[in-house]
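Everything below concerns the one structure shown next.
Each value in this text was obtained by applying a stated rule to the coordinates, not by laboratory testing. Model, not experiment: these values are computed from the prediction. No Cβ is skipped: glycine too gets one built from the backbone with ideal geometry, and neighbour counts run over all protein chains shown.
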Amino acid sequence: MNHSRWKLAREQQAAQEYSEPPEVEAERAEIRLAMAFAKAVYDRRKALGLSQAQLAERAGLTQAKISRVEGADAVPTLPLLRRLATALDASLTIDLGRDHEAVAFVARPAA
């Protein structure tokens, strides 16, 4: 076995034996959720062809707030979630499972 394969095997074994403390796992889950939400806002905004400033105006927020949301730097409140869903002409779906998080803005059908 050459050196690089030996090192890889050693690293794989070490990874299998390691388990993160529960508080680290919880923090990772929160980060994943924040990033999933940020991506959902960004993707829907882009699908509508809106700038951050335009979305901010539609939602009654500042462009800086939209930037923080899309950067996963803001913890959204329920009123903020409603404002964003309305401004993005969509329904917000959040799926929280033990080992996964999914966030999606689903376009509302045209009236």
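Remarks
- Distance between the pseudo-spin-label points of Arg98 and Ala110 (7 Å out from Cα toward the beta carbon): 4.5 nm.
- In the chain, helices alone account for a calculated mean residue ellipticity at 222 nm of -19500 deg cm²/dmol, with every DSSP H run of four or more residues adding -39,500 (n - 2.57).
- With θ taken as phi - 60° and the Karplus curve 6.51 cos²θ - 1.76 cosθ + 1.60 applied, the whole-hertz 3J(HN,Hα) list for segment 56-68 is 4, 5, 5, 8, x, 10, 9, 4, 4, 5, 4, 4, 5 Hz, x standing for glycine and proline.
- Segment Glu57-Met35, length gained on full extension (0.36 nm per residue, minus Cα span): 5.6 nm
- 25 Å tail of the calculated P(r), the chain, as % of Cα pairs: 38 percent
- Cα shape, segment 54-96, gyration tensor, a/c 1.5 rule: oblate
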